[in-house]
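**Student:** One structure follows; several queries about it will come next.
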Amino acid sequence: MMQRRHLLPFAAAAALVPLPAAAWFWRRGLPDPADATTSLADVERAVSRLIPVPEITPRELAPRLASMVLFDVREAEEFAQSRLPGAHRLPPDMPAEAFRAAHAERVAGREVVFYCAVGWRSGRMLERVQALIASARPAALLNLRGGLFRWRAEGLPLEGDAEVHPFDAQWGRLLRRTLER
């Protein structure tokens, strides 16, 4: 299983401190996915509070999937394992200007959904691009609440492997707890 390490984006270059993905997440005031009492619903509420962007639930998205422009904001290995049908992958660290240059025509007049494993990376991407992409006049920019973890928990189909890439061991345990409920 792959182990990801992230850098604190706001730290000065000399003070960058690599952290395991789960620690990076909960140090921002979010629930720790390694804690057995943390549920996906806890993570969803925290992401919605800390990244206040418009959201769509998996049940709202499922019947409209074919009419939406979908952007998967996960690492290539995660995307290769499973994804929503027709999704375009974006690197989580893609600059807003690069997104606009590559996708402004694709999103013009369309409803656009960003997603990742739980909604954090996709929510951050949506935050970065929403002002710059406004000139393309998308009909809506939405973040998938709970990401692919919630999508899978609701029994909705994925393209590729039927399983969601767990990102790392802590997130894998949260995903297993979610699917067992």
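**Student:** Does L142 satisfy being more than 17 Å from A36 (Cα to Cα) and crowded, with 23+ Cβ neighbours inside 10 Å? Explain how you work it out, then say what you get.
**Tutor:** Working: more than 17 Å from A36 (Cα to Cα): yes; crowded, with 23+ Cβ neighbours inside 10 Å: no.
Answer is no for this residue.
**Student:** Going residue by residue through the stretch 121-130, is there one that turns out to be in a helix (DSSP H, G or I), over 26 Å from L158 (Cα atoms) and open to solvent by 10 Å² or more (accessible area, probe 1.4 Å)?
**Tutor:** Taking every residue of the stretch 121-130 in turn, at least one turns out to be in a helix (DSSP H, G or I), over 26 Å from L158 (Cα atoms) and open to solvent by 10 Å² or more (accessible area, probe 1.4 Å).
**Student:** Let me ask you something else. As an exercise: evaluate P95 against (1) at pLDDT below 95; (2) open to solvent by 60 Å² or more (accessible area, probe 1.4 Å) and give the number of the one condition it does not meet.
**Tutor:** (1)
**Student:** Identify, by number, the condition in (1) of a type outside the set (D, E); (2) under 22 Å from V47 (Cα atoms); (3) open to solvent by less than 20 Å² (accessible area, probe 1.4 Å) that V107 doesn't meet.
**Tutor:** (2) is the only condition that V107 fails.
**Student:** Let me ask something else. Report, ordered by the first and then the second residue, all pairs with beta carbons closer than 9 Å, sequence separation of six or more or different chains, a first member in the stretch 109-135 that is under 20 Å from S67 (Cβ atoms), and a second member that is in a loop (DSSP other than H, G, I, E, B) and open to solvent by 50 Å² or more (accessible area, probe 1.4 Å).
**Tutor:** G109/R137; G109/A139; R110/A139; E111/A139; V112/A139; L126/P54
**Student:** Also: Looking at this structure, is A66 surrounded by 16 or more Cβ atoms within 10 Å (Cβ to Cβ), at pLDDT below 95 and in a helix (DSSP H, G or I)? Break it down stepwise before answering.
**Tutor:** Numbers: surrounded by 16 or more Cβ atoms within 10 Å (Cβ to Cβ): no; at pLDDT below 95: yes; in a helix (DSSP H, G or I): yes.
Against the criterion (surrounded by 16 or more Cβ atoms within 10 Å (Cβ to Cβ), at pLDDT below 95 and in a helix (DSSP H, G or I)), A66 does not qualify.
**Student:** Would you pick out the residues in the stretch 157-181 that are assigned to a helix (DSSP H, G or I), open to solvent by less than 30 Å² (accessible area, probe 1.4 Å) and either farther than 22 Å from R59 by Cβ or of a type in the set (K, R) (or both)? I'd like the intermediate steps shown before the answer.
**Tutor:** Here is the first cut: in the stretch 157-181, the ones assigned to a helix (DSSP H, G or I) are 169-180.
Narrowing further to those that are open to solvent by less than 30 Å² (accessible area, probe 1.4 Å): 171-172, 174-175, 178.
Once the filter is applied, which keeps residues that are assigned to a helix (DSSP H, G or I), open to solvent by less than 30 Å² (accessible area, probe 1.4 Å) and either farther than 22 Å from R59 by Cβ or of a type in the set (K, R) (or both), the stretch 157-181 yields W171, G172.
**Student:** Would you tally the residues in the stretch 84-93 being part of a loop (DSSP other than H, G, I, E, B) and within 13 Å of the chain's Cα centre (by Cα)? I'd like the intermediate steps shown before the answer.
**Tutor:** Pass one, the stretch 84-93, residues part of a loop (DSSP other than H, G, I, E, B): 84-87, 90-93.
Those left that are additionally within 13 Å of the chain's Cα centre (by Cα): 84, 87, 90-93.
The qualifying residues number 6.
The values are calculated or read from the model by the stated rules, or taken from the named source; none is laboratory data. Values in this document were obtained by computation on a predicted structure and should not be read as measured data. With ideal geometry, Cβ positions are generated from the backbone for all residues, glycine too; neighbour counts draw on all protein chains shown. Note: accessible area is taken over every heavy atom of the protein model, side chains too, but ligands, DNA and RNA are not part of it. Shrake-Rupley method; radii C 1.70, N 1.55, O 1.52, S 1.80 Å.
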